[in-house]
Amino acid sequence: TKLAVLIDGDNIPARYISEMMVEITKYGTPTIKRIYGDWTKPYLAKWKKVLLENAINPIQQYSYTTGKNATDSAMIIDAMDILYSEKVSGFCLVSSDSDFTKLATRLREAGMQVIGIGEKKTPNPFIVACDKFIYIEIIRNQSERKEDQNTTHKTKESIDKITPKVIKLISSTISDLSDEDGWAFLGDVGSLLQKKQPNFDSR
């Protein structure tokens, strides 16, 4: 699967971009990699090194007025151009902003696979508009766990624990797929869980 990776530079922390790119390769080959922002602003300077390391193309978008986000519009226009170019079969939208909900919905209507990546603060409408949604906190936890393997320092968990609601979701999904003896294939259970709740992560 060829993927277009579009990153909202105003809305995503730069520190874990390498881990995010590794995560994205599990779902396809990122052939187009772009990040959007006003690169004249000092707070985006921290992106410079990671862009070179991950071959991500920065797209300049000036802020026309205070308080308005021009980056979103540029990203949406580019996404539609890429859609009609027919060069990819999926999109990865990296943002915690609900403004991309309509874009995700439109891309899926066109038969594209849509993967979202964002922080826990991401509004639910954007999450459910994606085929799959991955929390940065989960990627971050895995990365920090690897770093701490040789030390006594323990990483603070920042992902959700299993709740009765999640157990009920898994249980009902198994029931939906089970045969006469009550057995269900694990792969099928995982696929249906993802359709029911795009931000469900087995990790």
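Figures for the structure shown
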read-out: Coordinate range along principal axes, alpha carbons of segment 1-89, Å, largest first; value: 39, 29, 16
read-out: Using alpha-carbon coordinates, inclination of helix 164-177 to the longest axis of the chain, degrees; value: 70
read-out: Where a label projected 7 Å from the Cα of T31 along Cα→Cβ would reach, residues of segment 94-117 with amide N under 14 Å; value: 113
read-out: Net length gained if the chain between S171 and V128 were fully extended (0.36 nm per residue, minus Cα distance); value: 13.4 nm
read-out: Amide H contacts under 5 Å for S96, placed H, 5+ residues apart; value: E119
read-out: Solvent-accessible area per residue for the chain (1.4 angstrom probe, square angstrom); value: 58
read-out: Amide H partners (placed H, <5 Å) of F91, local residues excluded; value: A4, Q113, V114, I115
read-out: Percent carbon-and-sulfur accessible area, the chain, ignoring ligands, DNA and RNA, probe 1.4 Å; value: 54
read-out: Simple spin-label estimate for S73 and T163 in nanometres, 7 Å along Cα-Cβ; value: 3.8
read-out: F126, F200, ranked by accessible area, largest first (probe 1.4 Å); value: F200, F126
read-out: Sequence-distant residues sharing a close amide H with N199 (under 5 Å, placed H); value: F133
read-out: Cβ-based net charge around G28, under 14 Å, with every Lys or Arg adding one and every Asp or Glu removing one; value: +3
read-out: Over 21 Å (Cα to Cα) - which of K2/K121; K33/K87; K168/K196; K102/K132 fall in this group; value: K2/K121
read-out: From phi via Karplus (6.51, -1.76, 1.60), per-residue ³J(HN,Hα) for segment 122-133 in Hz, x at Gly/Pro; value: 4, x, 4, x, 5, 4, 6, 6, 9, 5, 9, 10
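The values are calculated or read from the model by the stated rules, or taken from the named source; none is laboratory data. These numbers were taken from a predicted model, which means no experiment stands behind them. Note that we place each Cβ from the backbone using ideal geometry, even for glycine, and neighbour counts take in every protein chain shown. Heads up: the accessible areas ignore ligands, DNA and RNA and are worked out on the full protein's heavy atoms, side chains in. Shrake-Rupley method; radii C 1.70, N 1.55, O 1.52, S 1.80 Å.
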